[in-house]
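Step one of this worksheet: look at the structure below.
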Amino acid sequence: MIDIFFIRHGATEGNLHRRYIGRTDEPLCEAGVAQVEALRKRGLSVDKLFVSPLLRTRQTAGILFPEMSYTVVDGLAETDFGRFEGKSADELSGDPAYQAWVDAMCLTPIPEGESVADFKMRCCKAFAETIRTVPDGSRVGFVVHGGVIMAILEAYARPKRDFYAYHIGNGACLACAYDGHVLTVKNVG
């Protein structure tokens, strides 16, 4: 059994303004740093740490585990929102491509971006390849993005739940146990 902490990075300015922030490499904002510092007070400890390549996750990992080195996993980057990147729903209202995407429950390919199916497959492949290197009995941290956490849990957690059911806030942590096939969610905080 492997204990896993899925940690969503602290907020960025784009998150606060409810913008689609995927590949944009924004830093944590002041509120995001405060979220992560509050999480640090829980005293999480891990044997191994895996992080998305984006700045906001690397900053979060540095605040939570300042003395620990980590492995950057490119496949754990957030989705590419293409034409929607950096914009809010309000800014995109009236865009027929955006409305079509929303009407399809955000499951169709994003113009000039990544399809949800491709994103989920990429995240799950990166998780499977990464966790395979971790010895049984370890405690592991994944400092990643909300969408990445949702994709992995939708595929691996039981009982099976919808992608959106696994949403957690910025600077939050989801504790799970992994038996080599299934993730069991222990708590959210």
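The values are calculated or read from the model by the stated rules, or taken from the named source; none is laboratory data. Predicted model only: the values in this text are computed from it and were never measured. Note that each Cβ is placed from the backbone with ideal geometry, even for glycine, and that neighbours are counted across all protein chains shown. Surface areas here come from the heavy atoms of the whole protein model, side chains and all, with no ligands, DNA or RNA. Shrake-Rupley method; radii C 1.70, N 1.55, O 1.52, S 1.80 Å.
Enter the accessible area per residue of the range 13-171 (Å², integer; probe 1.4 Å; all protein chains in place). Intermediate results must be reported in sequence, preceding the final value.
On the way: 7890 Å² over 159 residues.
So the range 13-171 comes to 50 Å² accessible per residue, rounded to a whole number.
Probe radius 1.4 Å, ligands and nucleic acids left out: which of LYS48, LYS186 has the largest accessible area, and how do the rest follow? Please report the intermediate quantities before stating the final value.
On the way: LYS48 80, LYS186 120 Å².
Accessible-area ranking of LYS48, LYS186, largest first: LYS186, LYS48.
Given +1 on the Cβ of Lys and Arg, -1 on the Cβ of Asp and Glu, and no further charges, what dipole in debye does the range 138-189 carry about its Cα centre, rounded to the nearest 20? Before the final figure, lay out each step's value.
Working: 5 positive and 3 negative charges, 24 e Å.
The calculation lands at about 120 debye.
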I'd like the FRET efficiency for ALA31 and TYR164, computed as 1/(1 + (r/R0)^6) with the beta carbon distance as r and R0 of 30 Å, rounded to 0.05. 0.80
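Can you pull the percent of Cα pairs in the range 18-73 with separation above 12 Å? Walk me through the intermediate numbers first.
Details: 1033 of 1540 pairs.
Tail fraction, whole percent: 67.
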Run the 1.4 Å probe and let me know the accessible area of LYS160, rounded to the nearest 10 Å². 130
Report the charge-dipole magnitude of the range 1-65 in Debye, nearest 20, computed about the Cα centre from +1 at each Lys and Arg Cβ and -1 at each Asp and Glu Cβ. 120
Theoretical FRET efficiency, 1/(1+(r/R0)^6), r = Cβ-Cβ of MET68 and ALA117, R0 35 Å, to 0.05: 0.55
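Only four residue types carry charge here, +1 at the Cβ of Lys and Arg and -1 at the Cβ of Asp and Glu. Report the dipole size of the range 39-189 about the Cα centre in Debye, rounded to the nearest 20. Please list the in-between numbers first.
Details: 17 positive and 18 negative charges, 159 e Å.
Charge dipole of the range 39-189: 760 debye, to the nearest 20.
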On a straight-distance basis, which lysines could pair with LYS160 in a cross-link, Cα separation under 24 angstrom, same-chain partners fewer than 8 positions away excluded? LYS120, LYS125, LYS186
Projected area averaged over all directions for the convex hull of the alpha carbon atoms of the range 35-189, nm², comes out at 9.5
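Gain in length, ARG18 to ASP47, computed as 0.36 nm per residue apart minus the alpha-carbon separation, to one decimal in nm?
Computed gain between ARG18 and ASP47 is 7.1 nm.
Would you mind getting me the FRET efficiency between HIS181 and SER93? Use the beta-carbon distance for r and R0 = 35 Å, nearest 0.05. If you can, show how the numbers build up before the last one.
Working: r = 43 Å, r/R0 = 1.22.
Once the sixth-power term is evaluated, E becomes 0.25.
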Work out the charge dipole of the range 1-153 with +1 on the Cβ of Lys and Arg and -1 on the Cβ of Asp and Glu about the Cα centre, then indicate which of GLY14, VAL51, VAL116 is farthest towards its positive end. VAL51
